[in-house]
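The values are calculated or read from the model by the stated rules, or taken from the named source; none is laboratory data. No experiment lies behind these values; they were computed from the predicted model shown. Quick reminder, even Gly has a Cβ in these numbers, built from the backbone with ideal geometry, and neighbours come from all protein chains shown.
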Amino acid sequence: YEKHRTSIEQKVREILIKNNIQFQEKVKIDNYYCDFLIDDLVIECDGLYWHSDFNEKPKRYHEEKRNCYIQNGLRPLFFRYDEIEYKLNIIESIILNKSNKSKKVYARKCKIKEISSKEADNFFNNNHLSGNSKTTYYIGLTYNDVLVHVSSFGKARYSKDHDYELVRSASILNNNVVGGLGKCLSYFVNTYRDWE
């Protein structure tokens, strides 16, 4: 199997070994083989070519694979080649969080404040796979004067039923800010929601 392990699978494998996370490889689940299985967590490492339209996979292949895992009581994580190659530290943080190996910070012990778009961009670029977000409102949580969580909100883009939407939410690497999103959401609703 080692001859057939891709470079990105090897990088994720090294993360699991380094953090003493027990795992199985190439486990069959119904008609699919997952790359890694950690208890009820599935990790898929998708190369850009073999998991693209060029490879003539069925149109809903990844959606059906994800649904299969969920129907079997599993929590799927799908990572692309470019994410693993260029944002490995964020991938590691996500895996640690999903494996309950992150440090915990409780939102009730954090101070809440609005932050600048520059601060938010820097935070998201370092802590979120999708990077920064261009929105209107950025709510941050600090713990011991360190920014540990940011949520951003903007005008709703895809719904006529809502005025605003959550665009991004992330905690600082290798930390789980318990209740962080809820605290930011409550602040945003209480501060900016027009109740008339």
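Regarding region 148-169, can at least one residue be identified that is among the hydroxyl-bearing types (S, T, Y), at pLDDT below 95 and within 20 Å of L96 (Cα to Cα)?
no
Table: residues versus (1) without any contact (Cβ under 8 Å) to a residue 40 or more places away in the chain; (2) aliphatic (A, V, I, L, M).
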position	(1), (2)
Y61	yes, no
E64	yes, no
I70	yes, yes
R80	yes, no
N89	no, no
N100	yes, no
R108	no, no
